[in-house]
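Encoded as structure tokens, the structure appears first; notes follow it.
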Amino acid sequence: MFTGLIKEIGRVKNLRYTGDGLEIVIGSAMVVKESAVDDSIAVNGVCLTVISRDEGSFTAQAVKETVSRTNISSLKVGSNVNLELALRTSDRLGGHIVQGHIDGTGEVIRTIENRKGREFYVRTDSGTAKYIVGKGSVCLDGISLTVADIDTNVFRVAVIPHTLSGTTAGEWKTGTRLNIETDILGRYIGKLLKDEGGLTEKKLKELGY
């Protein structure tokens, strides 16, 4: 489990496709010091397992399903990635509850500079968009952000200068593909309502409303 608060920007040092997916070697100055083999690290929001490490880097493996459904497939040697260590039970929950399980991807279609940072308009598919709500939380490439508003499949987020400088958000531009994890609470509510046949007037009365 994670919070969407990025610890460090890492850099891809090597990529190797295997029969089981993709092995990624990521250079790190801080995160690697607090990690061990079998630990979970969020890489651009994707929960990956450390399979080996040394003083300045760690190796993680992404299975074929992960590669095909996330922007991990577009990484190259030299690419910057957002890194976050798994949450400790004693840590503050400064962002929101993030699992590292990507729901879909989105594309930046517009950026706006302002005195308070930068706004991004992101377009995604309808299956992902239905769990994104205005003033709710969303995780983009591992970064916990608040949704300013949403119109059909396009939503807007505002990123402050501190986050722009401390994450890969400072590199986002029109056409950038982002990993999206929606709020887990919304997903569970959506699943429950679907299993119960939807939220109807009859159902509300049964629940005492």
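The values are calculated or read from the model by the stated rules, or taken from the named source; none is laboratory data. None of these values were measured; they are calculated from a predicted model. Note that we place each Cβ from the backbone using ideal geometry, even for glycine, and neighbour counts take in every protein chain shown.
Applying a threshold of 8 Å to beta carbon distances and a minimum spacing of six or more residues, or different chains, the list of pairs starting in segment 146-165 at a residue that is within 18 Å of residue 126 (Cα to Cα) and touching a residue at least 12 places away in the same chain (Cβ under 8 Å) and ending at one that is among the aliphatic types (A, V, I, L, M) and in a loop (DSSP other than H, G, I, E, B) reads 147/132; 147/133; 150/132; 150/133; 155/132. Any residue that is of a type outside the set (Gly, Ala, Ser), farther than 30 Å from residue 27 by Cβ and in a loop (DSSP other than H, G, I, E, B) - is there at least one of those in segment 100-123? Looking for residues that are of a type outside the set (Gly, Ala, Ser), farther than 30 Å from residue 27 by Cβ and in a loop (DSSP other than H, G, I, E, B), one finds at least one in segment 100-123, hence yes. Within segment 14-32, the only residue that satisfies the criterion of being in contact (Cβ under 8 Å) with a residue 60 or more places away in the chain and more than 21 Å from the chain's Cα centre (by Cα) is 14.
Consider segment 109-122 and keep the residues that are farther than 19 Å from residue 187 by Cβ and in contact with a Lys or Arg (Cβ under 9 Å, 6 or more places away or on another chain). The one that is surrounded by the most Cβ atoms within 10 Å (Cβ to Cβ) is 120. Against the numbered list (1) more than 29 Å from residue 152 (Cα to Cα); (2) out of contact with any Cys (no Cβ under 6 Å at 6 or more places or on another chain), residue 40 comes up short only at (2).
Could you please find all residues in segment 164-209 being more than 12 Å from residue 140 (Cα to Cα), modelled with pLDDT of 90 or more and β-branched (Val, Ile, Thr)? The one that is more than 12 Å from residue 140 (Cα to Cα), modelled with pLDDT of 90 or more and β-branched (Val, Ile, Thr): 174. Restricting to segment 142-190, name every residue that is part of a strand (DSSP E or B), under 20 Å from residue 93 (Cα atoms) and charged (D, E, K, R). Selection gives 181 alone.
Residues are listed down the side, and each one gets a yes or a no for (1) outside any loop (DSSP other than H, G, I, E, B); (2) farther than 23 Å from residue 159 by Cα; (3) at pLDDT 95 or above:
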site: 10; (1), (2), (3): yes, no, yes
site: 13; (1), (2), (3): yes, yes, yes
site: 23; (1), (2), (3): yes, yes, yes
site: 78; (1), (2), (3): no, yes, yes
site: 88; (1), (2), (3): no, yes, no
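With respect to the conditions (1) assigned to a loop (DSSP other than H, G, I, E, B); (2) surrounded by 20 or more Cβ atoms within 10 Å (Cβ to Cβ), residue 133 falls short on a single one, namely (2). Scanning segment 144-184 for residues that are under 22 Å from residue 70 (Cβ atoms), among the aliphatic types (A, V, I, L, M) and out of contact with any Gly (no Cβ under 6 Å at 6 or more places or on another chain) yields a count of 5. Scan segment 94-102 and give yes if some residue there is at pLDDT 95 or above and polar (S, T, N, Q), otherwise no. Checking segment 94-102: not a single residue is at pLDDT 95 or above and polar (S, T, N, Q).
Note on segment 26-58: among residues that are among the hydroxyl-bearing types (Ser, Thr, Tyr) and touching a Lys or Arg at 6+ places or on another chain (Cβ under 9 Å), the one that is nearest to residue 80 (Cα to Cα) is 28. Against the numbered list (1) closer than 25 Å to residue 138 by Cα; (2) in contact with a strand residue (DSSP E or B) (Cβ under 9 Å, 6 or more places away or on another chain), residue 57 comes up short only at (1). Listed conditions (1) in contact (Cβ under 8 Å) with a residue 24 or more places away in the chain; (2) among the basic types (Lys, Arg); (3) surrounded by fewer than 14 Cβ atoms within 10 Å (Cβ to Cβ) are all met by residue 191, apart from (1). Can you name the residue in segment 113-134 that is modelled with pLDDT under 95 and of a type in the set (Lys, Arg) and is also farthest from the chain's Cα centre (by Cα) among such residues? Result: 115.
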